[in-house]
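Every number in this text was worked out from the coordinates using simple rules, so none of it is lab data. Please read all numbers here as calculations on a predicted model, not as lab measurements. No Cβ is skipped: glycine too gets one built from the backbone with ideal geometry, and neighbour counts run over all protein chains shown.
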Amino acid sequence: MSKYLVLFFAFFIVACGYIPSSQMASRVLGDNVFLKINISKQDPENSVYITDILRETMLNKLGRKITDEYNADSSIIVTMKRLEFHPMVYDKNGYVINYKAELYLEFILRYKNGKEEIVNTKGSYNFDINPNSIISDQARFEAIKNASSEAFDEFVSIVAIRGYK
């Protein structure tokens, strides 16, 4: 019975024309991608976090090779526009116990033919802290990591949709 269920599921996926978003994005980006992340002068520490996370995400989620600008099929220039922390939940004494990190990224996509597109994305992440305390570096890093991953996922979705057209 389980064999039939697996076969049915496999047939359904193949028959509906499902194509992974990474494959769709590769139609737009090509195999070799140049990735440049502009470091924010106002917030260099968080920009470094975002740089590491986006490089890792580019390799893991898209499977694209990061190369130099001259050998690239396309270039992605990423700029952190804003990083905000908003208090979301307060305890009975009025202390903040939950924050929402919102990260706004701008992706400039340059193709070999000279065409350029700008994609703005937003990622967010909710996290808890102890009452009457400040946001620790670890909590801040986790929030930035998850928010930038969400913003990058939005970028991949937009690029994949363009690859489908």
Only one residue in K112, K122 is among the basic types (K, R) and touching a residue at least 60 places away in the same chain (Cβ under 8 Å), so which one is that? K112
Look at E142 and say whether it is under 30 Å from I161 (Cα atoms) and part of a strand (DSSP E or B). no
Evaluate the following for G114: is it of a type in the set (G, A, S) and within 16 Å of the chain's Cα centre (by Cα)? no
Here the residues within the range 31-45 that are in contact (Cβ under 8 Å) with a residue 24 or more places away in the chain and assigned to a loop (DSSP other than H, G, I, E, B) are D31, S40, D43
Among the residues listed as V48, V89, the single one being in a helix (DSSP H, G or I) and more than 22 Å from N32 (Cα to Cα): V48
